[in-house]
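Below is one structure, written out as structure tokens; the observations come after it.
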Amino acid sequence: MKLRFRHLAFGTTGLTFGLILLGVYTGAMGAGLACAGRWPLCDGAVFGLFPANWPSFIEWFHRFVAMITGFAILGTTVAAWRGDHERRIRYASAVALAVLPVQVLLGANTIFNFGVIAQVAHHAAALTILVALVAATAWGFEEPGVGTASRSDADATVETGARADD
């Protein structure tokens with residue numbers, strides 16, 4: 001069970017990192033401006049739903065990957081809370097999930113108010129999510145009892161008759 005969570009957390013963290021890189025490209029291209037302030041729709045050929053040009057495609061692709069990433073974050077959080085995981089893993093994934101709706105609204109804000117402050121706020125929320133996921137993933141990969149003698153080491157010491165201070 002823990003191995004499946006580790007894979008899910010690692011995949012979600014990697015997907016989030018990839019989304020941030022895609023977001024940097026989206027912002028650098030000014031692709032959100034292609035939406036002309038029509039969030040959640042965008043400039044498109046058919047009812048504003050399909051991309052009409054390259055910047056529109058970039059914006060829509062970023063949104064599509066963000067949706068998939070959002071569901072992965074939700075799944076990771078649910079798995080952390082349903083599984084037998086440490087409190088810090090559960091809370092770190094919950095922080096990522098709690099910041100997610102704020103991140104979506106800040107993303108919408110970058111379309112309406114394209115500027116440095118909107119971009120910085122959007123990327124700061126993204127980094128908050130990433131840091132929370134990195135922490136949950138790293139803690140998920142920790143072995144129990146790291147830094148201290150595990151129970152099996154103590155049992156082996158007793159069986160061999162060796163003392164701990166030898």
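Of all residues in the stretch 25-33, one or more are surrounded by fewer than 16 Cβ atoms within 10 Å (Cβ to Cβ), at pLDDT 90 or above and assigned to a helix (DSSP H, G or I). Residue count for the stretch 47-98 under the criterion of being open to solvent by less than 20 Å² (accessible area, probe 1.4 Å) and farther than 30 Å from Gly30 by Cα: the result is 8.
The values are calculated or read from the model by the stated rules, or taken from the named source; none is laboratory data. Only a predicted model underlies this, so the values are computations on that prediction, with no experimental measurement involved. Here Cβ is always computed from backbone atoms with ideal geometry, including for glycine, and neighbour counts include all displayed protein chains. Quick note on the areas: whole protein, heavy atoms, side chains included, nothing else; ligands and nucleic acids left out. Shrake-Rupley method; radii C 1.70, N 1.55, O 1.52, S 1.80 Å.
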